[in-house]
1. Out of (1) modelled with pLDDT under 95; (2) in a helix (DSSP H, G or I); (3) surrounded by fewer than 17 Cβ atoms within 10 Å (Cβ to Cβ), what's the single condition that is false for Lys151?
2. Restricting to the range 282-313, name every residue that is open to solvent by 10 Å² or more (accessible area, probe 1.4 Å), under 24 Å from Ser372 (Cα atoms) and not acidic (Asp, Glu).
3. Return the residue satisfying two criteria in turn: it lies in the range 41-65 and is among the charged types (D, E, K, R) and part of a loop (DSSP other than H, G, I, E, B), and of such residues it is surrounded by the fewest Cβ atoms within 10 Å (Cβ to Cβ).
4. Please go through the range 25-54 and give me each residue that is within 10 Å of Leu67 (Cβ to Cβ) and in contact with a helix residue (DSSP H, G or I) (Cβ under 6 Å, 6 or more places away or on another chain), ordered by number.
5. For the range 314-365, enumerate the residues that are open to solvent by 30 Å² or more (accessible area, probe 1.4 Å), more than 22 Å from Val268 (Cα to Cα) and not in a helix (DSSP H, G or I).
6. Would you pick out the residues in the range 110-148 that are touching a Phe, Trp or Tyr at 6+ places or on another chain (Cβ under 8 Å), open to solvent by 20 Å² or more (accessible area, probe 1.4 Å) and in a loop (DSSP other than H, G, I, E, B)?
7. So Val29 clears everything in (1) surrounded by fewer than 21 Cβ atoms within 10 Å (Cβ to Cβ); (2) in contact with a Lys or Arg (Cβ under 7 Å, 6 or more places away or on another chain) except one condition, right? Which one?
Amino acid sequence: MLDLLKDFSVSDTYDCGDNTVMYVIENAVKGDFERVCSEAEKSGYIKIDGNIIDTVIAATYRKDTLLHIYFSQPENKIRVINDAFSAEYKTRPEKSGNYANTLWQFEVDHSLIDCGMCYIIRCSDGSFFMIDSAHWYSVNDDIRIIDFLKKISDEEKPRIKGWFFSHAHEDHIGKFLDILTYYSSCLEIDTLYYNFPSPSHRDAPWELPFFNAMKAFRELVDEHKEINHVKLHTGMKFAVDNLEVTVLCTHEDVHPAPTQDFNNTSTVISVKAAGSTVLFPGDASFYSDKVMISRYTDALRCDIIQVAHHGHSGTSPLFYKRAEAKCALFPVTVIKFDEEYDRQESNRVAIDICDEYHIASNGTVEIPLPYSK
């Protein structure tokens, strides 16, 4: 256990995966959080960031490892995360060019599968921030994604400044695996942002196809030493050029609740660009929703929302009521959307609130930022 916690009562220790360990202090108050932070500084850790996100207070330090500490007031819990995995990252956005920020909901190939999602945001310097990829059954989407990036960048070798992965299901990381295996020379990839659970997690191996995909992801990333990687933790903010990204939930928050539903390992982020906010819950499900509803009100408000789990049983109706998004994005087919509409209250609530919504199989949608209808 970390020496700086020797005077605290640690109730739980959790293997977060990727050489990262979380220590939990229960029945805590804000003063305890401040004491832990003080001990970190006495131990030589240098503070690199601090954020207050509704009821979550967070501080991030670095010495030989990344040390992330955050206090969740609704739970009266402090989580101290010792992360020996993550590379350095920018904490504050800086506009470095004059390109207009733009969001694309990419039409993945649904010929063989109804799920899969890929979002693209252009940064001010003309580089891109990617959100997930597509299903490995979307057979040619590795080439289609690369060709699309070439088209909208007018560059032979598009620059991906950051690539975020919500979780390790094959419909979210599948085509990235193919791109990195066969076409890595076609793109410049700077940093990968994600937080996947440990392969030795209590609920592992889950279902073997995507458990193996997660294993393949880690092995492939380890081969590409030129690409940085950052493990995301709740309360962190990181910058991709002029984009500011806030981390709202990971599997570390869901612990010790079960994750047999692997969607509860989704990392949830919000992205601010050109004065607009886009919320990406990935496939966040029941326990992730429970965590966020207990903590956040303002932090969930956004202009644009990606509907969780493709519009299948994901986050609750209250989640969308708090989001108050004016544009809803459904990474799914029209056939599946229509089939599930009557039984998915969350979808109906999101649509009732928004001014417009877009279904991925209808075609790639380009949304200039700041957002307007």
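1. (1)
2. Thr297, Ala299, Arg301, Cys302
3. My answer is Asp64.
4. Ala40, Ser43
5. Asp355, Glu356, Thr364 - these are the residues of the range 314-365 that are open to solvent by 30 Å² or more (accessible area, probe 1.4 Å), more than 22 Å from Val268 (Cα to Cα) and not in a helix (DSSP H, G or I).
6. The answer is Leu112, Ile113, Asp125.
7. For Val29, the exception is condition (2).
One line per residue, one yes/no per condition, for (1) charged (D, E, K, R); (2) out of contact with any Asp or Glu (no Cβ under 8 Å at 6 or more places or on another chain); (3) at pLDDT 95 or above:
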{"residue": "Glu226", "(1), (2), (3)": "yes, yes, yes"}
{"residue": "Leu232", "(1), (2), (3)": "no, yes, yes"}
{"residue": "Gly235", "(1), (2), (3)": "no, yes, yes"}
{"residue": "Val245", "(1), (2), (3)": "no, yes, yes"}
{"residue": "Leu248", "(1), (2), (3)": "no, yes, yes"}
{"residue": "Asn264", "(1), (2), (3)": "no, yes, yes"}
{"residue": "Ser276", "(1), (2), (3)": "no, no, yes"}
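The values are calculated or read from the model by the stated rules, or taken from the named source; none is laboratory data. What you see is a predicted model, and the numbers here were worked out from it, not measured in a lab. Virtual Cβ from ideal backbone geometry, glycine too; neighbours counted across all protein chains shown. For the accessible areas, the whole protein counts, side chains as well, though only heavy atoms, and no ligand, DNA or RNA atoms are used. Shrake-Rupley method; radii C 1.70, N 1.55, O 1.52, S 1.80 Å.
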